[in-house]
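Could you have a look at this structure, given as C-alpha cells, before my questions?
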Amino acid sequence: MNRGGAAPRERLEILWYFIAAMGLILGLRLAQMQLIQAGEWRQAAERNRSQMIHQNAPRGRIYDRGGTPVATNAPAFSLIFLPGKDQSRQDLKPLALELGRQLSRDSGELIETLEQAVRMESAIRLAENLPTQTMFRLSELKTIYPGVVLIVEARRYYPFGRFASHLLGYMGKMSQREWRERKPKGYRVDSRTGRIGLENIFEDELRGRDGGLRMEVDAQGRLKRVLDKIPSEAGSNIHLTIDAAVQRAADDGLRGTLTGRGAAVAIDPRNGDLIAMSSQPDFDPNAFLSTDPSEVKSTVLELSEFNNAISGAYPPGSTFKPIVGLAALGEGRARAEDAVFCPGYFELGGRAFLCWEHKGHKRVSWLTGLALSCDVYFYTLGLRAGGAAIERYARAFGIGQRTSIPLKSEKSGHLFGPETRKRAGKGWYDGDTLNLSIGQGELTVTPLQMAIATAALANRGSVWRPRYTQKIVYADGRPDYVPKPERLGLVPAREDAWDHVQRGMEAVVSSGTGGGARIPGLNVAGKTGTAQNPHGEDHAWFIAYAAKPGEPASIAVAVLVENGGHGGATAAPVARKMILAHFGMMDPSAPRKARDVPARVPAPVPPAPPFPVRGRP
Amino acid sequence: MTMARAMRAQSGLSGRVDWTYIAAVAGLVVAGSLAMLSAASTTTFYSAILQKHFLALTLGVTLFTLTLAFNYQVFQDQAKFLYGLAILIVAATLILGKISRGQRSWVHLFGFSFQPAEMARTLVVLSLADFLDRRARRIGDLSTILLGLALCVPVMVLVLKQPDFSTALTFVPAIFGMMFVAGTDLFQLAAVFGFGGAAISVPLIYTFCQLRYPFAPAHSLPGMILSTSRMGWATAAAILLFCAVGLVVWRLASWMRVQIKPAAFAAIPILLSAALLSGIAVHRQLKGYQRNRFVAWIAPQSDAQGASYNVIQSQIAVGSGGMWGKGLFSGTQSQLGFLPERHTDFVFANVGEEMGFWGTSLILGLYVILLWRIVTAARQARDRYGYLVCAGLASTLAFQLVLNVGMCLGLMPVAGVPLPLVSYGGSSLLVTLWTLGIVANIYARRYALF
C-alpha cells in the first residue's frame, strides 16, 4: 500500500555510509589498541594483577674485634596490607577497628594508613616485629579480610642492648623528603635506614637487597597465588676494632658514676684503633624496633643523639699538664730537677693565681709537681715555656682540630694561644699563659681528642687518625676492605723530655692523684683533671695508658664525667675498669664470689635472640 | 489453502530468508555466549546466569521464528494497539517496577525479571514507521516532524522517569534515522535535532569547563561560559550576541545577493538562545552520577579510583589482549575482577582481552555484516513501512554498537548501553531477537507474494 511518492532511497545510502564509517573508526581504534599499543596495555594489566610483598633483607652484621656480634638480625613477623583495586572506604573501617583492638592502636590512625595504601596502590606494613601470640591471633584475620598478609622477615637486633649506642646508631624510618631522595636506590616508603653512627655511615654496605614475593591479587586485594619468589641478599659484614669487653666496662663504668653523664674513649696507641667509645646517657637501639608504637615514641622523645665523646667540648683542666710539661722540657726551657716553692698561690701583676691546694705544696719539682698536679709549678713552667710553645705543642697533639674520625658531627674544640690571638687581632698576656698552663681559659677539647693525645704521650709522639673499622667483608665477593693505620703527625720532642713526661704520668698513678687507677702487674700511667665549669660542678677527667711490663702500651684511655667533681675519684675508676677489661683481668679489688672464677674474663656472650636466626651468617 | 500450497509457501519462505543475515545473528549469539561463559565464571550466581541466558536464548530463537512466520504488515495494521502497549509497559514499570541501583526499570513477572524499556523502543519504532508512512504526502511539513516527536516523547519521558537516561538516549537515533530516511525537510530536521543537541551539549560544556578549569577567573572564556549558567546578565549578553550574529550573517548574505528566507535566519539566533536556556535548565537537572560518567570520559586519569575506573580498566583489558588474546577463562583483567560489569556492559572488553584482536574484529565484522543486511532489507522492502522499520532498527543497532564499543575503547562516555546479542541480559536478548525477526520477516516478504 503505497501512500504517496517513493521514499528518498539515497538517504538510506547516506545512512549506510555513515554506519560503515563508524564501523571503520571502531576497527581502526581496535587495531591501534590491540596491535600497536598492546605492549603498554599489557604492562598496565600486569601491574594491576601483581603485587610485590617485600621482605627486608638481613642487614650486614657488625662484629667487635674478637668476632662477637654486636649488631645482628632476628626473624620477625610483619603484618602487611595489600589494597584492592576496587576496595571502598567502607570496607576498610571494620578491618581498622579489628586491627586497632588486636594491636591496641588508634583505629582512626589505622584507617588513614589503610587509605594511604589504597591511594598509592601499594602494599603497606601495618605492624612489625609482632610477638608470636599476636601473630597467631592476627592470622585469623587473614581469612576474614582480604588483603591482610603475615610475612616473616629479618629485623635488626642488638644483642647487648645499651651498648656503644652512639657509635652503632639505630634504625629508623625516613622522612618523606629523605625517602624521595633515596627512592632511586630502591628504598621503599616503609624501609628503615641507619639513623646515626655506623648504621648510618655504612648504610650502603650494611643494606642488603630486599627480596619479595610477587603475588597475583584480585581486584579486592585477595591473594591468589605466588607468581615469583625473589630471595633477599644479606648486606656486608663489618668487623670493628671495638673490644666488646672494654666497651661494656666503659658503658657500665660511666653509668655507675655520680652523675651517669660523660664519655670514655679507648685507643690503641700502636695504631690508632678505637677500642671503646662510650657516651652517656645512651639508649637501647632495640627500642626503636619495638612493636609498641608508644614505646618507640617515648624512646625517640628521650633520645640523646648527642655523642659526648666527639661532639662534647670541655676544658681539659689538669689533663693538659703533661703537654705543657713536654713543651717546657722539650724546648729546653726548664729542667726536671728545678724546684719551685708553692705557697698555694702565684702572684702575677699584683693578682694572685691560686693553686687547687690552698695550703700549698711547698717544694715541688717535675715528678711531684705532676703527681700532685701543683698549679703553681705549672704556672712557673708555663711562663718559662711561653704561650707560643705550648700552643705549638698542643696543636701537634691534635688539640683544636678534628681528629677526622669518619663519624658525623665531630667538634674541633678550641685551642687558644698567642698565634691564635694574633690572627684574631688581639693581644696575649702572661695571665693567658697561666690559664693555658693549667688547661683552663678558652681551651676546650673533646674526649676523643684527649684519647688521641694520650695515645701520642704513650707512643712518644705518633698522633694517629682514629680508626674503628678492622675490615669490611663484602657480601658480593669483592676483596675485603682493610683500612691501614694512618699517622696524622709526629710531636717532635727530645727523648729525655718524653722520658720525664712518661715517668711523671707513672708517678701520678703510683704516688699521686691518680691512685684510683693503680693495677698491680701493669704499668699504668695517667693524669687526673678537674676542669672548672662555669655552669656548675667541675667536670672530672682522667687520661691514662697502660702496658704489660716490658711491652709497649696497648691502650690509651680518656674518661670524662660531666660534673663528676674530682677526676681521681670519679673518672679514674672507670679508666681502671676499662684497662682491666682490655688486659682480660678480673678486678682484684672487687669481692670474689667463688674461688674458681677464672682469672681471665671471657668475652661477653651475647644473649640469645628471641627467635632462632636463619639466613646467611 | 491446500497442503501443497502451504508446503510451497514454506519452501518459498525458506528460499527467501536471508541466510547471511541469520548466520551473522547466530555468530554474534555464539560469540556472546562464549564471552559470557568465561566472563561470568567468577561471579557468585554463575549457574543462575547460565540458566537465564540459555532460557532467554531458547525463547528468543522461538520468538524469532514465530515472528518470521506471519506477515509483518500485521504490525502496521495494529500500530495503535502497539503504541498503546508501549505506553502501558513503561507506565507499568514505573508503578510495579522494583528499584535496583536507583532505577525503577525492572518488572518481576512469574518469577522472571524483565526490563521493558527496550521492548518499548521497538514498539515506538513500529508506531513511528506507521505514522511516517501515513504522512507520506505531507512528509515535507514541519508538522510531520513535530507530530512524530510528539508520538515518541511520552514513552521517552516515562523511560527517563525511571530514570534510565541511557535507554532513553537510544530512542533518539531511531527517531532521527527514520525521519531522515523518510524524506523530511532537512533544514527543519536539523533545526529540531540541533536544538535538542544544543540543549544537551550546553550542560556538557558546563561540566567540561567546571572540570578542566575549576577556578577559572570570571573574565576568562571558561569563566564567562560558566557565568552564563547562573542566568544573569551574562546569559542575556550571550543571547544578544546570538541575535547580532544572525543579523550580520543575514546582511552579509543579502549583500552577496544570496536569496534566503528571512525566517530561516531569524530561526538561527532564536534556536541557539532557546537551546542555551534549555541547556541551563537541563544542567540544573543533571544527576550527579550522570555528570561523573561524563567526567570519566573527558578526563579518565583524573580519579582512577572513582568514576573513570571502569574506563581505564576496560581499556587495559582490550589493549592487553593483543592479537590473539589471553585465552578464554584466563584474562587477568576479567577473571581477577578488575574489569567491572564484565559479562554485561563491558563484555566487549572481555572479548578483547581473552580473544584478542581476532575476536573483537570478528564481532565488529559480524555487526557490520548484520547492519549491511538490515540496510539491504530496507532497500528491498516491499513497502515504505518495512523500509522505515528497517532503517530505524539499523540506526538503533549502529548507535548501540558505537556507544558500547566506543565506551570499551575509551572513545565514548560510560553510558550503560549493552551490546545487543553479545552482552548478558535476558530481556535484552529476547527483545533483540524479536526485533531482528521483524527485519528478517520484512526481507523474506520483499516480493509481495503472500
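Would you list the membrane-span-like helices of chain A, meaning whole DSSP H runs whose alpha-carbon atoms span at least 30 Å along their axis and whose mean Kyte-Doolittle value is at least -0.5?
Helix filter hits for chain A: A:9-31.
Distance check, please: which entries in B:52/B:80; A:527/A:577; A:321/A:359; A:93/A:142; A:362/A:527 exceed 26 angstrom between their Cα atoms?
The pairs that break the limit, which is 26 Å between Cα atoms, are B:52/B:80.
Could I ask something else about it? Taking the Cα centre of the protein assembly as shown as the origin and placing charges on Cβ (Lys, Arg +1; Asp, Glu -1), which of B:182, B:91, A:387 is farthest toward the positive end of the dipole?
Value computed over the given set: B:182.
Moving on. For the charge dipole of the range A:367-473, defined by +1 on Lys and Arg C-beta atoms and -1 on Asp and Glu C-beta atoms about the Cα centroid, which residue among A:403, A:424, A:372 has the Cα displaced farthest towards the positive pole?
The listed residue farthest towards the positive side: A:403.
State to the nearest 20 debye the size of the charge dipole of the range A:315-413 about its Cα centre, where the only charges are +1 on K and R beta carbons and -1 on D and E beta carbons.
The dipole of the range A:315-413 has a size of about 200 debye.
Normalised radius of gyration for the range A:162-220, please: alpha carbon Rg relative to 2.2 N^0.38 Å, two decimal places.
That works out to 1.40 for the range A:162-220.
Oh, and also: For each of B:324, A:16, A:464, count neighbouring Cβ atoms within 10 Å of the residue's Cβ, then give the residues from fewest to most.
B:324, A:16, A:464
Straight distance only, please: which lysines reach the Cα of residue B:161 with their own Cα at less than 22 Å, same-chain residues fewer than 8 apart left out?
Of all the lysines, those that pass the test against residue B:161 - Cα under 22 Å, at least 8 places apart if same chain - are B:98, B:287.
Using the alpha-carbon centroid of each, what span in Å lies between the range A:353-371 and the range A:110-186?
The range A:353-371 and the range A:110-186 have Cα centres separated by 62 Å.
Could I ask something else about it? Got a sec? Charge dipole of the protein assembly as shown, +1 on Cβ for Lys and Arg, -1 for Asp and Glu; which of B:405, A:202, A:489 is way out at the positive end?
B:405
Now for a different question. Inside 10 Å of the C-beta atoms of A:575-586, what's the mean count of C-beta atoms belonging to other chains?
0
I want the local charge near residue A:272. Using Cβ-Cβ distances under 13 Å, sum +1 for each Lys or Arg and -1 for each Asp or Glu among the other residues.
Overall, the nearby charge balance is +2.
Tell me the Rg and the Dmax, in Å, that the Cα atoms of the range A:343-391 produce.
For the range A:343-391, the Cα radius of gyration and maximum Cα-Cα distance read 10.9, 31 Å.
Convex hull over the Cα atoms of the range A:465-541, averaged projected area in nm²?
If you wrap the Cα atoms of the range A:465-541 in a convex hull and average its projections, you get 10.3 nm².
OK, next. Counting other beta carbons within 10 Å of each residue's own, what order do B:338, B:193, B:45, B:329 fall into, fewest first?
Ranking B:338, B:193, B:45, B:329 by Cβ neighbours within 10 Å, fewest first, gives B:45, B:329, B:193, B:338.
Jot down the per residue volume, in cubic angstrom and as a whole number, of the convex hull over the alpha-carbon atoms of the range A:424-481.
164
Can you tell me, using C-alpha contacts under 8 Å and at least 6 residues apart, the relative contact order of the range A:434-500 as a whole percent?
27
Taking the convex hull of the Cα atoms, report for the range A:387-435 its projected area averaged over all directions, in nm².
3.9
Then there's this: Would you mind calculating the relative contact order of chain A from Cα pairs under 8 angstrom and at least 6 residues apart, reporting the percent as a whole number?
Dividing the mean separation by the residue count of chain A yields 15 percent.
Against the 2.2 N^0.38 Å scaling, with N counting residues, where does the range A:66-159 land? I'd like the Cα-based Rg ratio to two decimal places.
Against the compact-globule rule of thumb, the ratio is 1.23.
I would also like to ask the following. Could you list, bin by bin from short to long, the percent of Cα-Cα pairs of the range A:110-201 in 10 Å steps?
For the range A:110-201, the binned pair fractions read 13, 36, 33, 17, 1 percent.
In chain A, what is the volume of the convex hull around the alpha carbon atoms, normalised per residue and reported in Å³?
253
Taking square-rooted eigenvalues a ≥ b ≥ c of the alpha carbon gyration tensor, is the range B:75-173 rounded, prolate or oblate, where a/c under 1.5 means rounded and, failing that, a/b exceeding b/c means prolate?
Taking the square roots of the gyration eigenvalues as a ≥ b ≥ c, the range B:75-173 is prolate.
About its Cα centre, how strong a charge dipole does the protein assembly as shown have in debye, to the nearest 20, once Lys and Arg get +1 and Asp and Glu get -1 at the Cβ?
2580
Based on a Kirkwood Rh over C-alpha pairs, give the Stokes-Einstein translational diffusion coefficient of the range B:119-206 at 25 °C and viscosity 0.890 mPa s in µm²/s.
This corresponds to a translational diffusion coefficient of 182 µm²/s.
List the chymotrypsin sites (Phe, Trp or Tyr not before Pro) within the range B:70-138 that DSSP assigns to loop and that have no more than 11 neighbouring Cβ atoms inside 10 Å.
Sparse-neighbourhood loop chymotrypsin sites (Phe, Trp or Tyr not before Pro): B:70, B:110.
Restrict the search to the range B:351-395; then list the chymotrypsin sites (Phe, Trp or Tyr not before Pro) that DSSP places in a loop and that have at most 10 other Cβ atoms within 10 Å of their Cβ.
Filter output for the range B:351-395: empty list.
In µm²/s, what is D for the range A:394-501 at 20 °C and 1.002 mPa s, where D = kT/(6 pi eta Rh) by Stokes-Einstein and Rh is the Kirkwood radius from Cα pairs?
133
Would you mind counting up the charge near residue A:211? Only other residues with Cβ under 10 Å from its Cβ, with Lys and Arg at +1 and Asp and Glu at -1.
-1
What per residue convex hull volume, in Å³, do the alpha-carbon atoms of the range A:267-398 yield?
That works out to 169 Å³ per residue.
Give me the tail of P(r) for the range B:139-179 as a percent: Cα-Cα pairs with distance above 12 Å.
Summing the P(r) of the range B:139-179 above 12 Å gives 59 percent of all pairs.
Just to confirm the filter: which chymotrypsin sites (Phe, Trp or Tyr not before Pro) across the range A:63-170 are DSSP coil and have at most 11 other Cβ within 10 angstrom of their Cβ?
Answer by residue number: there is no such site.
Neighbouring Cβ atoms within 10 Å as the yardstick, rank B:376, B:360 fewest first.
B:376, B:360
Which peptide among A:219-231, A:185-197 comes first, and what is the full order, when sorted by highest mean count of other Cβ atoms within 10 Å?
Highest mean packing first, the order is A:185-197, A:219-231.
Quick one: putting +1 on the C-beta of Lys and Arg, -1 on the C-beta of Asp and Glu, what dipole do you get for chain A around its Cα centre, in Debye to the nearest 20?
In debye, rounded to 20, chain A gives about 1040.
Relative contact order for the range A:514-577: what percent, with Cα pairs under 8 Å and sequence separation of 6 or more?
This gives 36 percent for the range A:514-577.
While we're here: If you average the C-alpha positions of the range A:412-465 and of the range B:409-441 separately, how far apart do those two centres end up, in angstrom?
94
How big is the range A:494-574 on each of its three principal axes, counting only the C-alpha atoms and giving the largest first in Å?
43, 29, 21
Expressed in whole Å with the largest first, what are the equivalent ellipsoid semi-axes of the protein assembly as shown derived from the C-alpha gyration tensor as the square root of 5 times each eigenvalue?
Equivalent-ellipsoid dimensions as semi-axes: 97, 33, 21 Å.
Every number in this text was worked out from the coordinates using simple rules, so none of it is lab data. Here the structure is a predicted model, which means the values were calculated and not measured. Backbone-built Cβ (ideal geometry, glycine too); neighbour counts: all protein chains shown.
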